[in-house]
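Colleague: Below is the structure I would like to discuss, written out as structure tokens.
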Amino acid sequence: MDQKLCKNKKCQKPLPEGYKYKYCESCRAKQANGVKTAGKKLLAVVGVVGTTALTVLTARKIKPKS
């Protein structure tokens, strides 16, 4: 039977027999970290845009007392 290798083209580490994933632990951890970082960046952008939109929308409704 052929030895299974990690599907990452830069890695190609041999995987143990019966291993259920296509990527080795190191490559899976790097991918998970990348997804986590992208999620944090997306949340920051949504927060900034949401705060700006809320400020613009409420600024028109507030009338200073004369």
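The values are calculated or read from the model by the stated rules, or taken from the named source; none is laboratory data. All values reported here derive from a predicted model rather than from experimental measurement. Ideal geometry is used to build each Cβ from the backbone, glycine not excepted, and the neighbour counts take in all protein chains shown. Remember, those area values only see protein heavy atoms, side chains included, never the ligands or the DNA or RNA. Shrake-Rupley method; radii C 1.70, N 1.55, O 1.52, S 1.80 Å.
Colleague: Assuming residue 56 fulfils every condition listed in (1) open to solvent by 60 Å² or more (accessible area, probe 1.4 Å); (2) farther than 19 Å from residue 4 by Cα; (3) modelled with pLDDT of 95 or more apart from one, which condition is it?
Modeller: (3)
Colleague: May I ask you to list pairs of residues, at least six apart or on different chains, whose Cβ atoms are under 8 Å apart, with the first in the range 18-29 being without any contact (Cβ under 8 Å) to a residue 12 or more places away in the chain and the second being open to solvent by less than 80 Å² (accessible area, probe 1.4 Å)?
Modeller: Filtered contacts from the range 18-29: 21/15; 21/28.
Colleague: Of (1) in a helix (DSSP H, G or I); (2) at pLDDT 95 or above, residue 23 satisfies all except one. Which?
Modeller: Failed condition: (1).
Colleague: What single numbered condition from (1) assigned to a helix (DSSP H, G or I); (2) at pLDDT 90 or above; (3) open to solvent by 100 Å² or more (accessible area, probe 1.4 Å) fails to hold for residue 47?
Modeller: (3)
Colleague: Count, please, the residues in the range 16-34 that happen to be surrounded by 10 or more Cβ atoms within 10 Å (Cβ to Cβ) and out of contact with any Phe, Trp or Tyr (no Cβ under 8 Å at 6 or more places or on another chain).
Modeller: Adding up the residues that qualify gives 13.
Colleague: Out of the range 1-20, which residues are among the aliphatic types (A, V, I, L, M) and not in a loop (DSSP other than H, G, I, E, B)?
Modeller: Listed by number, the list holds a single entry, 5.
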